[in-house]
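The values are calculated or read from the model by the stated rules, or taken from the named source; none is laboratory data. These figures come from a predicted structure and were not determined experimentally. Using ideal geometry, Cβ is built from the backbone for each residue, glycine included, and neighbour counts are taken over all protein chains shown.
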Amino acid sequence: MAKEQSGQPNRGVPGVSRRHVLAGAGGTVLLPLLDRVQAAEASVDLAQAAIPSSSRLSEVSDLEALLRPTVPTGSKDGASGMWEVWETGPEPHWIDLTWAEPVTTDRVEIYWGGNTPPRTARLLYWDKDRFVPVVAPAALGREPDRFNIHSFAPVRTDRLRLEIEGEARKAVGVRRWRVPNAGPVPSLPPAVEAGVDRTVVMGGATYLAARAGWLRRGPGDDLRWSKVSGPGEVSFADLTAAETTARFSEIGDYTLRLTGTAAGRVASDELRVRVVPPPPAKRLDVVYTTPYALTSPFWRARARSLIVNWIPHCIAYCERTDLPTGQGGIDNFVEAAKALRGEPHGPHLGYVFSNAWVHQTVESICLALMVDSEGDEGMLAAQAQMRATLERWIPIILAAQEPDGYLQTAYTLADRAKWAERWSPRNRADHEGYVAGYFIESAINHYTLTGGRDRRLYDAAKKLSDCWVANIGPDKKPWYDGHQQMEQALVRFGRFVNDVEGGGRGDAYVALARFLTDQRRGGARYDQSHLPAVKQYEAVGHAVRAVYFYSGMADIAAETGDVDYQSAVASLWDNMVNRKYYVTGGVGSGDTAEGFGADYGMRHDAYCESCSSCGLVFFQYKMNLAYHDARYADLYEETMYNALLGGVDLEGKSFCYTNPLAGTERAKWHVCPCCVGNIPRTLLMMPTWAYAKQADALYLNLFVGSRINVGKVAGTEVEMVQDTDYPWAGAVAVTVNPARKARFALYVRVPDRATSTLYSASPEISGLSALTVNGKPVTPANRNGYAVIEREWKRGDKVTFELPLAVQRVTARAEVEATRGQVALRYGPLVYSVETADQPSIAGPIGAAPLSAVWRGDLLGGVMAIEGTWRDGNTLRAVPYYARMNRTGEPVREFPTADGGMPQVEEAERKARAQASKVWIGV
């Protein structure tokens, strides 16, 4: 966003100068006027005409909050917004204020935020070529709940820097920063920021919310929007307002400019708007996961480790009552049932959202039981245990459901003096919708597992959903949950109920999902409640909450056709995928604690929580359903094979809470085990990810050796059989088995590895080759990234094709500072890591010699390795990222830290792990 300033400076207070005041009546009579002038000059907050920037942005950081005129009620005033960071690296963090031209000041006023003041803080100013500390008689104060006034020798500068060091593993924040003027009030152009680039669906309006900061706004000062470029006309609802709307007459790329004028001084800023066609009127239909078989060696091995080891491990830990941090599991349901019966009971253990990993594990069990064991004794034994677990757990869970359908054990067991009512605005952090959503989703897969013969969870989920509908909505309680999940669960369940029962029985659940989403406003960036959903165009805040939210928004857009939702979702997708998206398909920047940071701020110590990868798969999948476009399936394939698949180790005995691109840390459990059931429940929903459909078409999205019944297409049941060794080899054979002959279109995804504009790869690889139908070559049409074969299909018809696979060198855009001068390696959908287990050092640059894909059946269960040379001549070997850090030889700890805390390690250990494995290599 380019900024421009022009005009001549005003060299004093209009009509009054110091010389004229002092000359009058011997220089004494007008001294009170001088005092008033000086007081007026000092009362001007120079920060209002500055542009803020910072070294880091956390998921709660709001730079604009620094300059708001409101005074916080305290350092912990969550409603006032603040800039915040969590981690302190080798260099201090900083916030800068930058002016169009130099200003003069002799003090700043800083209001700290958060729970802990900074360890050190100091003020610096730009002295033409470097930052130097101000000269002050005392250090900058660090007192909470007040403005800390810091006086110093006057400076004239166009840039101030607040430099901060926080305490280890503690957040430090700044809520407000005032810069009182010293001397004559300068005439500065206004600080103008037009807003973030975005997308708008043709026919809709984009909501403009700009910032324009004046020192003093007077007669003749102006603010005005205009069109700079674009194929059509732009109409503004109010072209002189910072907050307004704009509409566009034609599809294409536009640039809008916001120009501010102050006393003849001009500043401007621009934003880009892409106007796109609306999605198809009807979304694609879901292929529900029902019993299926995996024949792919790759996926069968991964599924087996989840079924034989990981899910039984989750069951065991959910049933434990001796975990050192008291996470709580199935025991909370037991105690809640006692409370409902009026019996003596124990307290709720663990976080308020501890029901979640029980519900996720139930859903994982249901999905695992749908995978054909094909006689595998280990799988058969594990599945028998899972069936017994379901029979044991379901009555326990249902006994904890309150008579009207409400289900949240933390509330049922709470002290009413501390938690008086359900759905209270004071209890947004209690995850009532988050845990309810997981329960509802588990009911869907339990129903499909049993073919509808066992309706216990389905009926309970309807009762719970009906309870919410009866209590929340227009003319009822206005409410939203601090952690999204209920929104997408309600839409998913509403669709399912409509498919099962018909008659629009699930429509009320979809309507409630929209109401919950519409209620998000007036809150914080952290949980995406800072703006109404339809006005959000930038991916911000906690990454898991965000992708769950965007997934729910995509659902609502697809169900309602609301163009504002469609525009917001398209903008959020673009901002995330093209500015905040890791090469592994993960989200959640290492620049922050748990969420999205600044554009292109993607360090190698990424957060990329496994739960965010699960939510991202759902989000991209919903976009695929809405737009019938293969690029969204390209992206969720990338996330599944890399950021998510490596969330559990090869044996299925430990998992990753976070998934950095340098090193990793696996543990058996976690104080916040939200990912433990989420990973398998997402990966094992393979039929849903592999296919989508509509009345006269079937979409093939993932290439996985399998036998899957996709339900009815063109009025007949269709079984799809894939035979492939993908991702190791590119040959795919697809057998189409309709129950009777039927005419429909088969859409085969044509992979495009260049969907995100953040990355480019060499050599370029795309397309399908050698496509045949029943042995005869076919040249299909290409629609939205799909090869389309339309014909009458009969049982046994076979489509074969080849997916080109080769080693690629991937580079990132220059804006991504962390990857400059580095390259990542990729083969098909797989991103690779180099590890010290395969070579003495991974610190050097890669050589220029060609790289080869080499099958290593004795390595990591059998992988296609990438081999070449380092520049020093030593042999280079890279292994798939999903298989990283499986050969450390270190004992896996029960928790990531000795005290069971968040996944943090000592700096020396962190560095050692980062040096053991990494994705990006020097060139």
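Based on this model, can you work out whether T244 counts as hydroxyl-bearing (S, T, Y), in a loop (DSSP other than H, G, I, E, B) and without any contact (Cβ under 8 Å) to a residue 40 or more places away in the chain? Against the criterion (hydroxyl-bearing (S, T, Y), in a loop (DSSP other than H, G, I, E, B) and without any contact (Cβ under 8 Å) to a residue 40 or more places away in the chain), T244 does not qualify. With the requirement that a residue be more than 13 Å from R176 (Cα to Cα), out of contact with any Phe, Trp or Tyr (no Cβ under 9 Å at 6 or more places or on another chain) and buried (at least 18 other Cβ atoms within 10 Å of the Cβ), what does region 104-121 give you? Result: P117, single match.
Condition check ((1) in contact with a Ser or Thr (Cβ under 9 Å, 6 or more places away or on another chain); (2) surrounded by 20 or more Cβ atoms within 10 Å (Cβ to Cβ); (3) outside the structural domain of I394 (by TED's automatic domain parsing)) across all residues:
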residue: P280; (1), (2), (3): no, no, yes
residue: T289; (1), (2), (3): yes, yes, yes
residue: L294; (1), (2), (3): yes, yes, yes
residue: R320; (1), (2), (3): no, no, no
residue: P324; (1), (2), (3): no, no, no
residue: G328; (1), (2), (3): yes, yes, no
residue: D331; (1), (2), (3): yes, yes, no
residue: K338; (1), (2), (3): no, no, no
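Looking at the structure I just gave you, is N784 outside the structural domain of R631 (by TED's automatic domain parsing), under 31 Å from the mean Cα position of the chain (by Cα) and in contact (Cβ under 8 Å) with a residue 40 or more places away in the chain? In short, yes.
Quick one: would you say G452 is at pLDDT 95 or above, closer than 30 Å to S529 by Cα and not basic (K, R)? No.
Of the candidates A781, A745, the single residue that is touching a Lys or Arg at 6+ places or on another chain (Cβ under 9 Å) and not acidic (D, E) is A745.
For every residue, the table says whether it meets (1) at pLDDT below 95; (2) out of contact with any helix residue (DSSP H, G or I) (no Cβ under 8 Å at 6 or more places or on another chain); (3) surrounded by 18 or more Cβ atoms within 10 Å (Cβ to Cβ).
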residue: S75; (1), (2), (3): yes, yes, yes
residue: A79; (1), (2), (3): yes, yes, no
residue: P102; (1), (2), (3): no, yes, no
residue: L123; (1), (2), (3): no, yes, yes
residue: D129; (1), (2), (3): yes, yes, no
residue: A138; (1), (2), (3): no, yes, no
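I'd like to check something: does region 424-447 contain any residue that is surrounded by fewer than 21 Cβ atoms within 10 Å (Cβ to Cβ) and at pLDDT 95 or above? No, there is no match, as no residue in region 424-447 is surrounded by fewer than 21 Cβ atoms within 10 Å (Cβ to Cβ) and at pLDDT 95 or above. Of all residues in region 374-402, those being touching a residue at least 24 places away in the same chain (Cβ under 8 Å) and either farther than 24 Å from I708 by Cα or buried (at least 17 other Cβ atoms within 10 Å of the Cβ) (or both) number 16. Of all residues in region 716-749, those that are part of a loop (DSSP other than H, G, I, E, B) and either crowded, with 20+ Cβ neighbours inside 10 Å or in the same structural domain as Y621 (by TED's automatic domain parsing) (or both) total 3. Annotation: of all residues in region 157-177 being within 30 Å of G590 (Cα to Cα) and surrounded by fewer than 20 Cβ atoms within 10 Å (Cβ to Cβ), the one that is modelled with the highest pLDDT is R159.
Within region 55-74, the residues that satisfy the criterion of being touching a residue at least 60 places away in the same chain (Cβ under 8 Å) and outside any loop (DSSP other than H, G, I, E, B) are S61, E64, A65, L66, L67. Among all residues of region 205-227, there is at least one that is without any contact (Cβ under 8 Å) to a residue 12 or more places away in the chain and of a type outside the set (F, W, Y).
With respect to A543, is the statement that it is of a type in the set (A, V, I, L, M, F, W, C) and free of Cβ contacts under 8 Å to residues at least 60 places away in the same chain true? No: the conditions fail for A543.
Would you check if there is a residue in region 303-312 being within 22 Å of V563 (Cβ to Cβ) and not hydroxyl-bearing (S, T, Y)?
Scanning region 303-312, I find no residue that is within 22 Å of V563 (Cβ to Cβ) and not hydroxyl-bearing (S, T, Y), so the answer is no.
Out of curiosity, is I765 touching a Leu at 6+ places or on another chain (Cβ under 8 Å) and more than 30 Å from M602 (Cβ to Cβ)? So I765 fails the test.
If I filter region 439-458 for residues that are polar (S, T, N, Q) and out of contact with any Asp or Glu (no Cβ under 6 Å at 6 or more places or on another chain), do I get at least one hit?
yes
In region 459-477, the residues that are closer than 14 Å to R514 by Cα form Cβ pairs under 9 Å with partners that are buried (at least 18 other Cβ atoms within 10 Å of the Cβ) and among the polar types (S, T, N, Q), at six or more places apart or across chains, as follows: I472/Q519. Note on region 406-447: residues that are more than 21 Å from the chain's Cα centre (by Cα), within 21 Å of R387 (Cβ to Cβ) and in contact (Cβ under 8 Å) with a residue 60 or more places away in the chain total 5.
Restricting the search to helices (runs of 4 or more DSSP H) fully inside region 448-562 and requiring at least 2 residues that are over 27 Å from the mean Cα position of the chain (by Cα) and basic (K, R) gives 456-471.
The set of residues in region 852-877 being basic (K, R) and either in contact (Cβ under 8 Å) with a residue 24 or more places away in the chain or surrounded by fewer than 12 Cβ atoms within 10 Å (Cβ to Cβ) (or both) consists of R871, R877.
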